[in-house]
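Data block below; observations after.
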Amino acid sequence: MLRSNKFYGPIQSSTTVWSQFPKLRIIGLSNNNFNGQLHQKYFQTWNSMKSVYDVESIESFTSTKPYTMTIIHKASRTEHQHILNIFTAIDLSCNHFEGEIPLSLKDLRGLQALDLSNNHLTGGVLPSLGYLKNLVALDLSRNNLSGEIPQC
């Protein structure tokens, strides 16, 4: 997590930069001053987010570290144990990203939360986001998106 800092400028689009992190499950760059487009390459090398886990068998995931995640949403607090073993999320909210939502997001079938809110994204909502069957949280608010909302 690198959220709520003073990082700025475009994020490198070089595949070599992003391919160094194929096991990323959670990326949080929110509340910074990043700008530029969200390139397809950002999402193509995150192989761990392409895997779908059976959440019914969550007990089979074990860890030697007691990872927990506390989610606070609208004054409701929920604590999850061992969440980093299975949870996948991208939070790029509250930056200055522009352009369209990258089509390569459709390949991240294990993705459970996607927050691209509070940017300057344009175009429409991709119908291919319907392929993300594990997605339980999607926030595209406060952008410049237009058109119809696709059916899943």
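The numbers here are math on the coordinates, done by the rules we state, and not lab data. As the structure is a prediction and not an experimental result, all values here were calculated from the model. Backbone-built Cβ (ideal geometry, glycine too); neighbour counts: all protein chains shown.
Taking a Cβ cut-off of under 15 Å around residue 93, the surrounding Lys, Arg, Asp and Glu residues balance to a net charge of -2, with basic ones at +1 and acidic ones at -1.
If the segment from residue 4 to residue 77 were pulled out straight at 0.36 nm per residue, it would be longer than the present Cα-Cα gap by 24.2 nm.
Relative protection proxy for 105-111, 2-8, from highest mean packing down: 105-111, 2-8 (other beta-carbon atoms within 10 angstrom).
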